[in-house]
Amino acid sequence: LNNKASKVIFSNLQPNSSTTSTVTKEPMSAEGKLLEKYHTFVQEISQDPKVVADLKKQKLDFIDLLESLPHVGDRVIADVRFESLIKKLVMHISGSITRSESKKFLDASTTKTSTWIIKSFRDMIENKMGMTIFERDEDGGLEEDEAAAPVINALCNCGVVNLVLDLVADGLDSQLQLEAIRLGIALLFKEGGALRVQTLMHEHLSKPDSESFFLEVRLIIQKLKAWHDWRKIILLPEGEDPKPPDEIWIIRFLQLMCEGHFQPNQDIMREQKNSAHSYNLLDDFVIYLNCLSRIPCRTSTVASIRVAATILEVIQGPCEHNQSHFTLNTELIETLNRINRAKVIHDCVPDEEVELKKISIDIFQGLLEGQGEKSPIYERVLSVIHLDIVQMMSNGTDSGASGGGEGAEEESEDSVALRTESVILLQMLCNYKPSLYDELGISRNIEDIVGSGTAMIEVVWRGDIHRRFF
């Protein structure tokens, strides 16, 4: 390759003079030596800053070309329109997928071009947002949403949403699936929920042939669980961040599908009524979280935060059937108890442990949201929840989690939020079962409730009076 180039690309490659393999220490064939040198060359060139910059520029040039195409509504003479080209690309990928009873297949060459096209669609959205989806996951907001809205709407009009869901299926290349999941996340980013994208997804997943998506989601979650089961406690060197498998993004994808309490997608996570076989993903969430809660390390905590946040998103609103299933048919409450009792050990970070505990308390509140008198959900929660640890957190004395206790440094913002949310949960439980006020030594005085940083209003809902603590 060096000889064929107009100029030498890399002059520091060693000559092919070695006669033994660096791995096996056995004599190598001429073909083996050539392959070893080729892989060295590829590794060198892939790390060259100029090559990387050129590749990025080529990709941006392609996206600029796409975005420069006139739209269908533009009054100009043109041979190619933006929407027509995108639809053609979508049809090319969709039309190349073959199906068996439970799997989908795509030949190798089409897989490569499809992966590149899907990645390009995401690049278009990220360019408008001014940040990657990885940055948007932590930062960004309304301004980025408004900037990306035109291209997201155009992609929605061209069938890209359906394509994303079709590409998450058993039998298809894992890298292609990952790019489809990331594109789906880019499409779903919007403060309060991307209603149009969520609606399109629900319509597509409500079709009888959509079960391949839910089957693959279950398989991915099972693989994630197996990854943690196999590695157990992972002790990271100081300064190194956790690196769970990239497939963890499927959890964020499912959370964003339900963002803003979009109940149709909340319900479809539990049951697909139009499919021959239904997959209850709520069970998979709990099984995965249960596994993570038994492996005390930072890698597990980071994954637990994502799973717990998704569980919270599929019950808020409230989604009553999901509330019932989680409470009465799974080990979610027992798992939350284990999370709340966990101490900061190994390489765990206190702030991340506090964040996870706060989501845990939020889930308890979400399970109880809107429940009236003689609620089986309240009864189940009260019979299983570890009230002692919740009361400790409400007093800020859970030193193993939040750094509280005597001589502790000033509480972090997350620690204060955890303490306040624990107070709210205790008030909800005491309001349902007044005898707990005396058992736990909690004041019934409304002024004391307000003084604790919380407040209460009474709401008439479905003919009943509900006390709402916040």
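Kindly list the number of the only condition in (1) more than 30 Å from residue 213 (Cα to Cα); (2) in a helix (DSSP H, G or I) that fails for residue 66.
(1) is the only condition that residue 66 fails.
So how many residues does the stretch 262-301 have that are hydrophobic (A, V, I, L, M, F, W, C), in a helix (DSSP H, G or I) and open to solvent by 30 Å² or more (accessible area, probe 1.4 Å)?
Going through the stretch 262-301 one residue at a time, the tally reaches 1.
Going by what's in this entry, would residue 315 be described as in contact (Cβ under 8 Å) with a residue 12 or more places away in the chain and open to solvent by less than 10 Å² (accessible area, probe 1.4 Å)?
Taking the combined requirement at face value, the residue satisfies it.
Restricting attention to the stretch 61-72, report how many residues are out of contact with any Lys or Arg (no Cβ under 8 Å at 6 or more places or on another chain) and surrounded by 13 or more Cβ atoms within 10 Å (Cβ to Cβ).
Number satisfying all stated conditions: 4.
If you check every pair at least six apart or on different chains, which have Cβ atoms under 7 Å apart with a residue in the stretch 140-156 that is closer than 12 Å to residue 86 by Cα first and a residue that is in a helix (DSSP H, G or I) and aromatic (Phe, Trp, Tyr) second?
154/82; 155/121
Tell me, please, whether a residue that is farther than 25 Å from residue 330 by Cα and either aliphatic (A, V, I, L, M) or open to solvent by less than 10 Å² (accessible area, probe 1.4 Å) (or both) can be found in the stretch 235-251.
Scanning the stretch 235-251 turns up at least one residue that is farther than 25 Å from residue 330 by Cα and either aliphatic (A, V, I, L, M) or open to solvent by less than 10 Å² (accessible area, probe 1.4 Å) (or both).
Among the residues of the stretch 81-100, is any among the acidic types (Asp, Glu) and over 19 Å from residue 161 (Cβ atoms)?
Within the stretch 81-100, none of the residues are among the acidic types (Asp, Glu) and over 19 Å from residue 161 (Cβ atoms).
If residue 391 passes every condition in (1) more than 18 Å from residue 359 (Cβ to Cβ); (2) modelled with pLDDT under 90; (3) buried (at least 16 other Cβ atoms within 10 Å of the Cβ) but one, which one does it miss?
Exception for residue 391: condition (2).
Output the residues belonging to the stretch 34-78 that are of a type outside the set (S, T, N, Q), within 19 Å of residue 154 (Cβ to Cβ) and free of Cβ contacts under 8 Å to residues at least 40 places away in the same chain.
Once the filter is applied, which keeps residues that are of a type outside the set (S, T, N, Q), within 19 Å of residue 154 (Cβ to Cβ) and free of Cβ contacts under 8 Å to residues at least 40 places away in the same chain, the stretch 34-78 yields 64, 65, 69, 70, 72, 73, 74, 75, 76, 78.
Residue 135 - would you say it is over 23 Å from residue 70 (Cα atoms), out of contact with any His (no Cβ under 9 Å at 6 or more places or on another chain) and surrounded by fewer than 18 Cβ atoms within 10 Å (Cβ to Cβ)?
The answer is yes for residue 135.
Give me the pairs, please: first residue somewhere in the stretch 414-426 and within 16 Å of residue 389 (Cβ to Cβ), second residue anywhere and of a type in the set (Asp, Glu) and open to solvent by less than 30 Å² (accessible area, probe 1.4 Å), beta-carbon distance under 8 Å, and either six or more positions apart or on two chains.
Listed pairs, sorted by first residue: 421/362.
State the number of residues belonging to the stretch 84-111 that are out of contact with any Asp or Glu (no Cβ under 9 Å at 6 or more places or on another chain) and open to solvent by 30 Å² or more (accessible area, probe 1.4 Å).
Total satisfying the criteria: 13.
Of the residues 418, 429, which is assigned to a helix (DSSP H, G or I), at pLDDT 80 or above, closer than 20 Å to residue 372 by Cα and open to solvent by less than 30 Å² (accessible area, probe 1.4 Å)?
Of the residues listed, the single one that is assigned to a helix (DSSP H, G or I), at pLDDT 80 or above, closer than 20 Å to residue 372 by Cα and open to solvent by less than 30 Å² (accessible area, probe 1.4 Å) is 429.
Looking at (1) under 18 Å from the mean Cα position of the chain (by Cα); (2) of a type outside the set (Asp, Glu); (3) within 20 Å of residue 255 (Cβ to Cβ), which is the only condition residue 174 fails?
The single condition residue 174 does not satisfy is (3).
Is one or more of the residues making up the stretch 151-158 buried (at least 20 other Cβ atoms within 10 Å of the Cβ), out of contact with any Lys or Arg (no Cβ under 7 Å at 6 or more places or on another chain) and within 20 Å of residue 213 (Cβ to Cβ)?
Among the residues of the stretch 151-158, at least one is buried (at least 20 other Cβ atoms within 10 Å of the Cβ), out of contact with any Lys or Arg (no Cβ under 7 Å at 6 or more places or on another chain) and within 20 Å of residue 213 (Cβ to Cβ), which makes the answer yes.
Among the residues of the stretch 112-129, what is the count of those that are open to solvent by 20 Å² or more (accessible area, probe 1.4 Å), basic (Lys, Arg) and closer than 17 Å to residue 149 by Cα?
Counting residues in the stretch 112-129 that are open to solvent by 20 Å² or more (accessible area, probe 1.4 Å), basic (Lys, Arg) and closer than 17 Å to residue 149 by Cα gives 1.
Conditions: (1) under 25 Å from residue 96 (Cβ atoms); (2) in contact (Cβ under 8 Å) with a residue 60 or more places away in the chain; (3) open to solvent by 40 Å² or more (accessible area, probe 1.4 Å). Residue 200 meets all but one. Number of the miss?
Of (1) under 25 Å from residue 96 (Cβ atoms); (2) in contact (Cβ under 8 Å) with a residue 60 or more places away in the chain; (3) open to solvent by 40 Å² or more (accessible area, probe 1.4 Å), only one is false for residue 200: (2).
Considering each of 194, 186 in turn, give the residue that is under 25 Å from residue 131 (Cβ atoms), among the small types (Gly, Ala, Ser), in contact with a Lys or Arg (Cβ under 6 Å, 6 or more places away or on another chain) and in contact (Cβ under 8 Å) with a residue 12 or more places away in the chain. Give the steps one after another, and end with the answer.
Values: 194 fails: in contact with a Lys or Arg (Cβ under 6 Å, 6 or more places away or on another chain).
Matching residue, one of 194, 186: 186.
The values are calculated or read from the model by the stated rules, or taken from the named source; none is laboratory data. Source: prediction; values computed, not measured. Neighbour counts run over all protein chains shown; Cβ positions are idealised from the backbone, glycine included. In case anyone asks, the SASA skips ligands and DNA or RNA and just uses the protein heavy atoms, side chains included. Shrake-Rupley method; radii C 1.70, N 1.55, O 1.52, S 1.80 Å.
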